[in-house]
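Written out below as C-alpha cells is the structure these notes cover.
The values are calculated or read from the model by the stated rules, or taken from the named source; none is laboratory data. Note that the coordinates shown come from a computational prediction; the quantities given were computed from them, not determined experimentally. Ideal geometry is used to build each Cβ from the backbone, glycine not excepted, and the neighbour counts take in all protein chains shown.
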Amino acid sequence: MVERELLNKVGEPFTAEKFEAEKRRLQDLDLFTEVSVECSGASLKYHFKEIFRWIPAPAGKKTDRDGLMLGLALANINVLGEDIRLEVQYRTATDPFFDKNEFAFYGSSPYFFGLPLGWNFEFLLTDSYDEIRDFPEKSLLWDLDLDYEWKPHFSLLGTLAWRMISTWGGAVLPEAGLGFAQDFRDSKLDSRRGIYFEYMLTHVGGGKHFLVMSEVDCDDGADCSDGDLKGENYWELLTDARAYYTIGRFVTGATALVRLRPGDVEFYDYYYHGGANTFRGHEADSSNLGVHEALLTLEERFVLLERRSASVAGVNFFYGVQLVAGLDGSLLWDKGHPSWDDYEGAVYGGVHLVIPALDRLRFEVGYSPDKGEPVFYFGLFDKVTSSRWRSR
C-alpha cells in the first residue's frame, strides 16, 4: 500500500522535492499522523506513526436539513493493511433526541485488488422528517461511486445508486452516471496548490411512482392525497471546479459547484441553500428551494498551526488549526437561466480544526446583507465536499 505512493525509487537519487510530494500523497491516505525519512549513506529509511486503526467512537453528522446528529460508530480504517475503510454508524437527531434516525454502512478504498480503481460504497436507512421540503421521509439508499485513474491526473468516474422512499405510496429511483476528473492538486485533503475539475452526467428516475406528500407540487390542482402517479425523470449535469494557491501561510481557494437538471424533478429532490454546507448567509428553509443551483466560494485560509501528531492514552492522531475568511455566492432557480433575483451573497469567517477521518471541524460565522444579522455555523468536512452529498 505504502509503496504505491512512493516517488523516490530504488536505484535513483533521493530528492527532497520528491519526498515532500510523496509525503502529501501518504497523508492523503488518512492513515498516518506522522511521516518522516532518514538518509544514512546509501540507505533510505521511512518512519510512520499510524492513526488508531479500530475506532469505536461517537458518530457525528451535521447537515442543514437534520441539524446535528449524534450516535455510535465502529470503524476500521485500514482493513488487511490495504487502505480499505469499513464503518457502521447509528445517528439520531439532538433536537429533539430520537426524532430523526439513520443507520449507515460505509466502505471505501483508493484501490481495488491493486488496480487504481477507487471505490466508495454507502448504504443508508433513514427515518426522518424533512423540515425544509416538508415531508416525512422513510428511505433506503444504495450507492456505489467509482474513480479509475486512467493516467496521471486524469480519472474516469462512474456512479450507480438505487433509492426507495417508502412513505405512503413510495418511490423507486435508480441513478446511473458517468464523468471524468482532472486533478492537479498537491493533496486531496487540505489542498494547498493546484486545480481540480470534474464533469458528471447522471440520469435519475425514469419510471412511475407514487407521490409521497399530499397536495404538494401537484399539477393542475390534482388531489395527490390518494397517491396519484407522477414520474421523476431527469438528467443532472454537474460541474465541480476548484483552484488553490499558497503564499507562505496564506492559502487562497476558489470553488464553483454547478448542477443543472433538465427534465422532471419532484419537490423532494429540490436543492436548498442555507446553512454550513451550502450558503453561509442564512439557515435553510422552504423559501430557498430550486431545481438548479450554483454555489460559488472565495476563501482565504491562514495556517495558524500546521498539522502535527499527538497521542493520548496510546491513541495516535493529528491536528492543525486554520483561520478562515471568505465570500459565498448562491444561485438557485427553477427554469431557464438564472437572474440577479436568484442571487444571494454573504461573507463569513471562523476557525477550522484539521483532524483525522472528518477532514476538519468548521466553526464559522456568516453574514448576509439581505438578512442583516450574523449566523453561527458548525460543520464537518470541507464545505466543498459536504455540498456534494448533502442531498440523498
Cross-chain or 6+ apart pairs with Cβ under 8 Å, segment 260-273 first and within 16 Å of Met200 (Cβ to Cβ), then part of a strand (DSSP E or B) and among the polar types (S, T, N, Q): Gly263/Asn233
Among the residues of segment 340-392 satisfying the criterion of being farther than 29 Å from Glu306 by Cα and of a type in the set (Phe, Trp, Tyr), which is farthest from the chain's Cα centre (by Cα)? Trp340
Go through the residues of segment 305-327 one by one and say whether even a single one is modelled with pLDDT of 95 or more and assigned to a loop (DSSP other than H, G, I, E, B). no
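For Gly281, are the conditions met, namely being part of a strand (DSSP E or B) and surrounded by 16 or more Cβ atoms within 10 Å (Cβ to Cβ)?
no
Residues are listed down the side, and each one gets a yes or a no for (1) farther than 26 Å from Tyr268 by Cβ; (2) out of contact with any Asp or Glu (no Cβ under 9 Å at 6 or more places or on another chain):
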{"site": "Phe302", "(1), (2)": "yes, yes"}
{"site": "Leu332", "(1), (2)": "no, no"}
{"site": "Gly345", "(1), (2)": "yes, no"}
{"site": "Val365", "(1), (2)": "yes, yes"}
Quick test of your reading of the structure: Ala276 fulfils all but one of (1) touching a residue at least 24 places away in the same chain (Cβ under 8 Å); (2) more than 23 Å from the chain's Cα centre (by Cα); (3) not in a strand (DSSP E or B). Name the failing condition by number. (2)
Which of the residues belonging to segment 66-85 are in a strand (DSSP E or B), touching a strand residue (DSSP E or B) at 6+ places or on another chain (Cβ under 6 Å) and surrounded by 16 or more Cβ atoms within 10 Å (Cβ to Cβ)? Met69, Gly71, Ala73, Ala75, Ile77, Ile84, Arg85
